[in-house]
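Asker: Quick one: structure below, then a few questions.
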Amino acid sequence: MQNISPIRLLIKVLLFFLILNILFILFAPYVGNLSIYNRLIAGRLRFPFASGRWIDSSMDELDAMFDSHVIAAGTKPPNEFRVVLLGDSSVWGELLTPDQTLSEQLNADHILCNGRNVRSYNLGYPHPSLIKDFVILAATRKYKPDLVIWLVTLDTFRDNSLNPFVVTNQSQAISVVNQYHISFDTSSLKSGASVWEQTLMSQRSRLARLMMLQLYGIYWAGVVPSPVDPNSYPPVANNFHDDPTFAGYKTGSDLSATMFFSWVNYIYQIADGIPLVVVNEPIFISTGRNSNVRYDSFYPRWAYDQYRAIMNSDSSADRWNYVDLWNIISAAGFSDTALHLSPVGEQKLAAALIPIIQKNCIP
């Protein structure tokens with residue numbers, strides 16, 4: 001029996017590992033596009049995100065997100081009027097099963113637009129971020145939407161710092177910022193990955209998440225998630241301390257001086273002719289202790305009232321297609337927070353959006 005040389009074996013293993021990494025670097029750009037969704041199984045009704053209520057995998061890599069989504073399933077049918085919904089966790093549908101979300105409530109109504117079937121797509125993703133919504137809309141253009149509905153709230157315009165989505169999709173964020181001359185600091189972002197960052201060792205966490213996304217797809221294809229029991233989470237807070245501050249702002253502060261309301265103009269540039277409606281989404285309006293100071297746990301009255309006044313004024317000045325639906329949902333239509341809707345709340349919001357969709361139904 002021939003003796004095995006440990007040194008020669010080690011050299012062979014290192015060479016094999018080196019070759020494997022070289023091959024991975026060459027093919028790494030295509031890994032995120034390898035998906036069983038819309039091929040072996042149906043695409044998802046919303047982007048993958050592990051909210052903690054169901055077994056799932058979070059994914060914030062743009063290509064993988066879209067490849068797993070039903071909007072990427074083949075060519076757009078000629079008789080489809082395609083509506084995409086943008087926003088944060090309230091649009092994504094926190095605590096809701098996919099079929100209870102706003103997009104599916106709209107689809108259940110079987111709306112027609114000049115003889116075409118209106119099909120709504122949920123492209124919301126948790127956590128408010130202007131850059132996130134800009135990047136998602138830019139990537140959505142190739143799927144040929146006929147109408148974009150962007151649901152916003154005061155928090156949407158509050159913070160313009162980096163978030164995990166932007167960090168993961170640095171090159172896409174830089175591209176959008178540069179193309180539309182957005183005043184966003186990209187100095188901490190990189191347009192490309194270093195050689196080490198492209199290796200198998202460096203990419204192992206990403207590969208694990210991509211693999212889990214596919215495996216969970218098989219699980220979701222055969223499982224109908226149970227609705228969340230409304231009694232399993234505390235009701236929306238209705239009583240508050242006498243605290244009029246908002247995110248460090250004191251009563252009477254000029255929000256327009258430091259917040260990013262004017263960035264609505266950027267999303268119209270990115271839409272580039274695609275009809276776009278900006279919707280101020282509903283919030284919970286408390287009736288309990290200190291409700292004369294605060295609408296809810298998020299917003300003191302002075303800040304939210306000023307925000308609404310600014311949005312109404314700016315929309316008129318800059319000719320935004322803007323709709324304010326802030327108070328159309330009663331307390332019973334909210335779930336765990338002042339922004340997350342229950343299935344009943346989603347139904348009421350969908351009913352309010354139907355005439356808006358029909359008004360913007362362009363042949």
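The values are calculated or read from the model by the stated rules, or taken from the named source; none is laboratory data. As the structure is a computational prediction, the values presented were derived from the model and not from experiment. Every residue, glycine among them, receives a Cβ derived from its backbone with ideal geometry; neighbour counts consider all protein chains shown.
Asker: Exactly one of these conditions fails for Thr287: (1) surrounded by fewer than 18 Cβ atoms within 10 Å (Cβ to Cβ); (2) closer than 24 Å to Phe134 by Cα; (3) in contact with a helix residue (DSSP H, G or I) (Cβ under 9 Å, 6 or more places away or on another chain); (4) among the hydroxyl-bearing types (Ser, Thr, Tyr). Give me its number.
Answerer: Against the list (1) surrounded by fewer than 18 Cβ atoms within 10 Å (Cβ to Cβ); (2) closer than 24 Å to Phe134 by Cα; (3) in contact with a helix residue (DSSP H, G or I) (Cβ under 9 Å, 6 or more places away or on another chain); (4) among the hydroxyl-bearing types (Ser, Thr, Tyr), Thr287 comes up short only on (2).
Asker: If the Cβ limit is 7 Å and pairs must be 6+ apart or interchain, which residue in the stretch 316-341 that is without any contact (Cβ under 8 Å) to a residue 40 or more places away in the chain pairs with which residue that is surrounded by fewer than 18 Cβ atoms within 10 Å (Cβ to Cβ) and β-branched (Val, Ile, Thr)?
Answerer: Short answer, once both residue conditions are applied: Ala332/Val344.
Asker: Separate question: From (1) outside any loop (DSSP other than H, G, I, E, B); (2) modelled with pLDDT under 95; (3) over 22 Å from the mean Cα position of the chain (by Cα), pick out the condition that doesn't hold for Ile362.
Answerer: (1)
Asker: Right, something else. Give me the residue from the stretch 125-151 that is among the charged types (D, E, K, R) and under 13 Å from Ala271 (Cβ atoms) and, out of that set, surrounded by the most Cβ atoms within 10 Å (Cβ to Cβ).
Answerer: Asp133
Asker: May I ask you to say which residue of Ile356, Ile285, Ile267, Ile329 is in contact with a strand residue (DSSP E or B) (Cβ under 9 Å, 6 or more places away or on another chain), in a loop (DSSP other than H, G, I, E, B) and among the β-branched types (Val, Ile, Thr)? Talk me through it step by step, then tell me what you get.
Answerer: Numbers: Ile356 fails: in a loop (DSSP other than H, G, I, E, B); Ile285 fails: in contact with a strand residue (DSSP E or B) (Cβ under 9 Å, 6 or more places away or on another chain); Ile267 fails: in a loop (DSSP other than H, G, I, E, B).
Within the list Ile356, Ile285, Ile267, Ile329, the selection yields Ile329.
Asker: Turning to a different aspect of this structure: For the stretch 251-264, does any single residue satisfy the condition of being assigned to a loop (DSSP other than H, G, I, E, B), exposed (fewer than 12 other Cβ atoms within 10 Å of the Cβ) and charged (D, E, K, R)?
Answerer: Yes: one or more hits.
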